[in-house]
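Presented below is the structure to which this report refers.
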Amino acid sequence: MAAIEKFFQDMFYSIPTPGVMDIVDILVAAFIIYKVLMLIRSTSAARVARGILLLLLVTWITDIVNMYALNWILNKILELGVIALVIMFQPELRRALEKVGGRTILSLTDTSINRSAKENAITATVNACEIMSREHIGVLLIFEREASLEEYFKTGTIVDARVTEQLLRNLFFPKASLHDGAVIIRNARVAAAGCVMPLSENTHLSSDLGTRHRAGIGTSEVSDAVVVIVSEETGTISVAIGGMLKRHLAPQTLEKLLTNELITDEDRKNNSVFGWIRSRLAGKAGKNEEK
């Protein structure tokens with residue numbers, strides 16, 4: 001018993017005490033791993049990740065069983081694969097570097113502005129969908145989140161405009177040239193319109209769902225986007241998230257759902273913090289004017 005106790009004591013004392021830099025090192029590594037996982041959340045990136053893992057596994061096996069020729073070829077492929085990955089994910093990497101380079105202490109105060117823009121976009125969307133629902137105008141509106149939908153921009157027309165009720169109604173007007181495609185919203189702005197989206201591969205969908213609904217569900221299957229759909233035949237409002245379709249939504253329910261999905265806890269927390277700071281500064285300014 002004493003020998004076992006001594007063994008565990010020796011093992012405990014042999015563990016080095018983590019320093020400040022060790023903790024920082026772990027946090028930075030965890031942050032990088034988290035960002036990489038967020039990068040490969042889309043289906044296309046996930047397929048690439050699975051292919052890389054399979055290639056690494058085969059390379060490791062060939063090294064164990066001494067298959068020298070095949071192992072040498074696979075190692076060369078892996079060396080060139082790093083360059084290939086940089087080329088393949090160039091848009092995502094560039095956007096990530098732009099976010100890092102453009103983020104300053106002052107830019108953190110823009111969070112409340114971003115939340116306000118999101119709230120305005122949600123309000124405009126709900127109002128437009130309510131009117132188009134009554135008029136039986138088909139709508140396929142996609143709110144991009146973490147997973148990039150930039151590959152679908154080229155199938156439509158770049159817009160880059162503020163989200164307004166009038167703009168959405170004009171884009172989906174039956175005689176408009178872009179009304180048949182999807183409108184993609186990125187960062188509370190209309191990024192592109194008339195986009196062609198992937199259809200769902202789910203064979204168990206209801207037979208009364210048309211192409212617009214199947215494209216909306218398909219988009220939610222390959223990304224984390226929030227997709228708003230208005231049926232041209234019935235005028236019903238639906239939302240697709242994660243491959244699941246919520247149908248027959250009232251405008252009030254649509255607004256609540258979009259708010260819960262698009263305005264994050266971080267937005268709410270930062271908005272309250274900066275709101276408190278602004279109120280304090282405004283109070284001090286008022287007292288100075290009184291003096």
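The values are calculated or read from the model by the stated rules, or taken from the named source; none is laboratory data. All values reported here derive from a predicted model rather than from experimental measurement. Note: ideal-geometry Cβ built from the backbone for every residue, glycine included; neighbour counts use all protein chains shown.
Quick notes on this one:
- Every residue from region 236-250 that is out of contact with any strand residue (DSSP E or B) (no Cβ under 6 Å at 6 or more places or on another chain) and assigned to a loop (DSSP other than H, G, I, E, B): T236, G242, G243, H248, A250
So that you can scan it fast, the table gives a plain yes or no per residue for (1) among the aliphatic types (A, V, I, L, M); (2) more than 25 Å from S116 (Cβ to Cβ):
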residue	(1), (2)
R169	no, no
V183	yes, no
R189	no, no
G194	no, yes
P198	no, yes
L205	yes, yes
A215	yes, yes
V227	yes, no
A250	yes, no
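- The condition of being touching a helix residue (DSSP H, G or I) at 6+ places or on another chain (Cβ under 6 Å) and not hydrophobic (A, V, I, L, M, F, W, C) holds for only one of E232, E201, E221, E165, that being E165.
- Helices (runs of 4 or more DSSP H) contained in region 59-163 and holding at least 1 residues over 24 Å from the mean Cα position of the chain (by Cα) and at pLDDT 90 or above: 111-134
Residues are listed down the side, and each one gets a yes or a no for (1) within 18 Å of S200 (Cβ to Cβ); (2) modelled with pLDDT of 95 or more:
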| residue | (1), (2) |
| --- | --- |
| S220 | yes, no |
| D224 | yes, no |
| I229 | yes, yes |
| T234 | no, no |
| S238 | yes, yes |
| G242 | yes, no |
| H248 | no, no |
| L254 | no, yes |
| T264 | no, no |
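- With respect to the conditions (1) within 19 Å of A250 (Cα to Cα); (2) surrounded by fewer than 22 Cβ atoms within 10 Å (Cβ to Cβ); (3) not aromatic (F, W, Y), I142 falls short on a single one, namely (2).
- Pair list, Cβ under 7 Å, 6 or more apart: region 256-271 residue buried (at least 17 other Cβ atoms within 10 Å of the Cβ), other residue modelled with pLDDT under 60: D267/T111; N270/T111; N270/S112; N271/T111; N271/S112
- Members of region 190-220 that are assigned to a loop (DSSP other than H, G, I, E, B) and of a type in the set (S, T, N, Q): S200, N202, T203, S206, S207
- Hits in region 10-36 (condition: at pLDDT below 70 and in a helix (DSSP H, G or I)): M11, F12, Y13, S14, K35, V36
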